[in-house]
Amino acid sequence: MPVMERWSSTGAFLLAAIGSAVGIGNIWRFSTVLGQNGGGAYLIPYIIAVFVFAMPLMILEITLGEKLRGTIVSAFRRINPRFVIGWFLCVIVGLILSYYLVITGWTLGYTILTLATGAPSFSEFSSNSLLPIAFFVIATLVTGLIVSFGVNRGIERISIILIPSCVLILLILAAYGTLLPGFYQGITYMFTPDFSVLADPLLWSAAFGQAFFSLSVGMGILLTYGTYMKSGQHIPRFTLIISLADLFVAFLAGLVIFPIVFTFGLSPTAGAELAFTSLPIAFAQMPAGKVVAVAFFAVLFFAAITSTISMMEVGVAAIRESLGWSRVKTTIAVTGGILLLGLPSAMSYSSFALKLDGIKILDFMDETVGTLGLPVAALLFSVTFAWYLPRETLESALGGKDSIARWIIPLCRYVIPGALVMTTIARIASGLGIANTYLLPGSGYIGLLVQLEGITAIVVISLVLIIIACRLRGCNIRKRLGFGNRK
Ligand code: PHE
């Protein structure tokens, strides 16, 4: 077991956790989901989803990290030594990371290309065979490099620089937005609630999905970051700060994006196209547009990279713990694995245009792992810990019988799993064509077949990785699963 690292201060932990939460999700996905779900109306289910559902799970997750002092894999093993769910979660996070890095690469590419020549058109960029792949490789290597430096010299140092920079740049861009003629219309669109859409279950489903995605909750990331905390801290207060910061950045990004959208007559529901296709057209027509464009894409890149390092850290910590490898060796291996895993997604938005069932691999990954894998992971997490960890252990971890445990435990036992199951059913139902809808920004309607293929792929890859991990540790899988004679 490697020597346990620690954050150098509470502020460092907070910035790293905010760095994980604040990502492309806040800037591009939030605005898109808001646009596709009736503007201001969406804010009501979203805020409920954040504070009633995602935040309690976040409290549980960080607390478990801080108390159990292990990785996601050993945390599940605490409950039952045969539990391999931790590895399954690592695989889901790895798969999300693999395609998230492709988009991270685009943001880096757009920052550099805009600076050098002016923003490229997305069709030009994504039909170039080399650029999107090269930027994906660079983004992955940068992530690996930061993670290889460790918790203090890598993760926290980069978060301390990048997160305040993101907020500062967004504030300046939002101030610029107030000068645009479409400012008022943008604000009205963002904040006017249309209560009639609240009866739509898919609106709630979209809000839940976005809240869990945006706060990076239920996948072991915050548990891993929690293990590096000093003991005896006030975790609920931290989760409130992280959630508010995440919400603040999402609003701020909306305040940057919507005035531009309305000033230049763009469509607020344009999905993924908004960031990479529509906005660059607007930037080209704006005074000081080049500076605004570079600033905007740099913010996206900064926000993304602090999320990718948190995702990579989950796997690195788990593998280090179970194999006893050094941080550098583990990071090299994980970086290599992610490069292979993400290559098809990167190639799908290059001249190779790799597709599966007519859907670009990256969209396929987002629709399956990003949309379904995430609630499934959060479900496994909340059910396992809230139900199988002895109640006394949970209560004492959360601060005693009469503490917040009183409402965190029932929420994580009944309410959150219930909501996650409903969300997942709503999504699968819409996949069946019961409700014909676009599930995710930027990608089209998806059939049940593709979702099933995605789930099968996740299970198969998990099994393969578990077998490899077991082999490397020299353990007997049959015996572990209880088939053989146990000594
Ligand atoms: N929370 C990040 C965002 O908003 C994305 C993310 C998802 C990070 C899942 C980690 C895990 O973009």
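Straight-line cross-link reach from LYS329 at under 14 Å between alpha-carbon atoms covers these aspartates and glutamates, not counting any fewer than eight positions away in the same chain: GLU313, GLU321. Subtracting the Cα-Cα distance of VAL460 and LEU244 from 0.36 nm times their residue separation leaves 74.0 nm of extension gain. Accessible surface of PHE276, taken over heavy atoms with a 1.4 Å probe and every protein chain present, rounds to 10 Å².
Label sites at LEU130 and MET286, each approximated as a point 7 angstrom past Cα along Cα to Cβ, lie 3.1 nm apart. Entry note, the chain: relative contact order of 30 percent, from Cα contacts under 8 Å with a spacing of 6+ residues.
Think of the chain as having a plus end and a minus end, set by charges on the Cβ of Lys, Arg, Asp and Glu; of LEU339, PHE352, MET190, LEU339 sits farthest toward the positive end of this dipole. Dividing the radius of gyration of the alpha carbons in the chain by their Kirkwood radius gives 0.95 for Rg/Rh. Working from label points 7 Å from Cα in the Cα-to-Cβ sense, the ALA333 to TYR414 distance is 4.4 nm. Solvent-accessible area of segment 309-439 (1.4 angstrom probe, protein heavy atoms only): carbon and sulfur portion equals 67 percent. Fully extending the segment from PHE51 to VAL421 would add 131.4 nm, taking 0.36 nm per residue of separation and subtracting the current Cα-Cα distance. Take the Cβ atoms of SER9 and ASP357, set R0 to 45 Å, and the FRET efficiency comes out at 0.40. Surface composition of segment 1-147: carbon plus sulfur atoms hold 70% of the accessible area, using a 1.4 angstrom probe and ignoring ligands, DNA and RNA. Of the trypsin sites (Lys or Arg not before Pro) found in segment 151-238, those in coil by DSSP whose Cβ has at most 16 other Cβ atoms within 10 Å are LYS230. Think of each Lys and Arg Cβ as +1 and each Asp and Glu Cβ as -1; about the Cα centre, that makes the dipole of segment 208-337 roughly 340 debye.
Computed from point charges on the beta carbon alone (+1 for Lys and Arg, -1 for Asp and Glu), the dipole magnitude for the chain about its Cα centre is near 2000 Debye. Label-to-label distance for THR178 and ASN80 is 5.7 nm, based on points extended 7 Å past Cα in the beta-carbon direction. Highest average first, the peptides 34-42, 384-392 ordered by how many other beta carbon atoms sit within 10 Å of their residues are 34-42, 384-392. Average accessible surface for the chain: 38 Å² per residue, computed with a 1.4 Å probe over protein heavy atoms with every protein chain in place.
Given the C-alpha centroids of segment 219-246 and segment 275-313, what is the distance between them in whole angstrom? After rounding, the separation between the Cα centres reads 27 Å.
For segment 141-147, backbone phi angles converted through the Karplus equation (6.51, -1.76, 1.60; θ = phi - 60°) give residue-by-residue couplings of 5, 4, 4, x, 4, 4, 4 Hz, Gly and Pro being listed as x. Rounded to the nearest 0.05, the FRET efficiency derived from the C-beta distance between THR393 and THR188 at R0 = 51 Å is 0.55.
Sorted largest first by accessible area at a 1.4 angstrom probe radius, with every protein chain in place, the residues VAL22, VAL376 fall in the order VAL376, VAL22.
The values are calculated or read from the model by the stated rules, or taken from the named source; none is laboratory data. A quick note: this is a predicted structure, and the numbers were derived from the prediction, not measured. Glycine gets a Cβ as well: all are built from the backbone with ideal geometry, and neighbour counts include every protein chain shown. The accessibility values were calculated without ligands, DNA or RNA, using every heavy atom of the protein model including side chains. Shrake-Rupley method; radii C 1.70, N 1.55, O 1.52, S 1.80 Å.
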